[in-house]
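See structure below.
Where a number appears in this text, it was derived from the coordinates with a stated rule and is not lab data. Remember, predicted model here, so these are calculated numbers, not experimental data. Cβ placement follows ideal geometry from the backbone for every residue including glycine, while neighbour counts extend to all protein chains displayed.
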Amino acid sequence: MSLSKMDIKKLNTIFLRIFNLTVLMSLLFLTACTGSRQSNSTGSKVKIFVSILPQKYFVEKIGGSDVDVYVMVRPGQNPHSYEPTPKQMSALSDTAIFFAIGVSFEKVWLDRIASENPKLIIISTQKGIKLRKIEAHSHSVHNGAENSEESLDPHIWLDPVLVIQQARVIADGLIQVLPEKRASIEANLQSFILEMANLDEAIRNEFKGITHNSFLVFHPTWGYFSDRYGLEQIAIEQEGKEPSARHLTEIIETSKKKNIKVIFVQEQFSKTYAEAIANAIGAKVITFDPLAEDYSNNLLKTAKIMAEYLK
Ligand code: ZN
């Protein structure tokens, strides 16, 4: 059997068509894949970045198994002076949302993060929250910029009632990138709100038996918490810097007047001044972690210990 010239020509044409069709289908397939990856919503989890560990807890509770949460400020690091690593910066390229909270490293880095990642949605979870003024504290040291915003207290995550507001903002952001998951996100939000309401009540109960409400801190982290539960924090740190001799003398006098017997510190800041003042007034220095990931358990445990020292 032999093929005529005519037959060979026909076969070639058929092969060429099949080849073209294969190429066309491969191209379509590739386009489809790239398309779904860019939308960040089909198939696998959606990638989220947050600034601090407690926010990871919030976003995971609300996003459930649909989110993969990455944290900028790792355990033990200071959110006021933090600098993102090159690895973190490049990880932002396929991230859907960055939930900012207002800690000072964001003021330095968010503009750059936004301009390098035009598709990244940046959401401030301070939205709708009336910020309080911070005690003897400024965040201007690290970025050299001085404005009125600098004297506002960024520690909004330490009041469970304010966390409920942040949770609504988080849920709205997640629904924006996962519209098909609206029902489960709303359900998760409701149980998280209940968790925060229960936590608020449990903390309130802890402070029922206290006889005095003032305490010293090095860094004024507990402002919203103190406002909520009727406490008063007195900051050793001054404008985000080490205290002057005059400020130290004032603190020692105030502590004696108010019979303050406890100083709360945290790992992210120096304990030198707290220990010196503790020696001068006969107070105890207690370490807390306001940036723990295990948010609810940690905050209740902290409240219990605080209450013990305020009885
Ligand atoms: Zn702080």
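Looking at segment 207-309, send over the antiparallel percent of its DSSP beta bridges, to the nearest 5.
Values: 1 of 12 bridges.
The antiparallel fraction comes to roughly 10 percent.
Multiply the residue gap between Asp227 and Gln176 by 0.36 nm, knock off their C-alpha separation, and tell me the result in nm, one decimal place. Walk me through the numbers on the way to the answer.
Values: separation 51, 0.36 × 51 = 18.36 nm, distance 3.30 nm.
Residue separation times 0.36 nm, minus the Cα-Cα distance, leaves 15.1 nm.
Can you tell me the FRET efficiency between Arg112 and Arg74 if r is taken as the Cβ-Cβ distance and R0 is 22 Å, rounded to the nearest 0.05?
So the FRET efficiency works out to roughly 0.70.
Show me the three semi-axes of the equivalent ellipsoid for segment 41-204, from the C-alpha gyration tensor (sqrt of 5 times each eigenvalue), largest first, rounded to whole Å.
Value: 25, 22, 13 Å, ordered largest first.
Subtracting the Cα-Cα distance from 0.36 nm times the residue separation, let me have the gained length for Val161 to Lys87 in nm, one decimal. It would help to have the intermediate numbers written out before the result.
Details: separation 74, 0.36 × 74 = 26.64 nm, distance 3.44 nm.
Extra length from Val161 to Lys87 when fully extended: 23.2 nm.
Take the Cα radius of gyration of segment 207-309 and divide it by 2.2 N^0.38 Å, with N its residue count; two decimals is plenty.
Values: Rg = 13.1 Å, N = 103, 2.2 N^0.38 = 12.8 Å.
So segment 207-309 has a normalised radius of gyration of 1.02.
Give, rounded to the nearest 20 debye, the magnitude of the charge dipole that segment 207-309 has about its Cα centre when Lys and Arg contribute +1 at Cβ and Asp and Glu contribute -1 at Cβ.
The calculation lands at about 460 debye.
Taking 0.36 nm per residue of separation and subtracting the Cα-Cα distance, what length does fully extending Ser184 through Ser65 add?
Going from the current span to full extension adds 41.8 nm.
Can you give the net charge of the other residues whose Cβ lies under 14 Å from the Cβ of Leu53, counting K and R as +1 and D and E as -1?
-2
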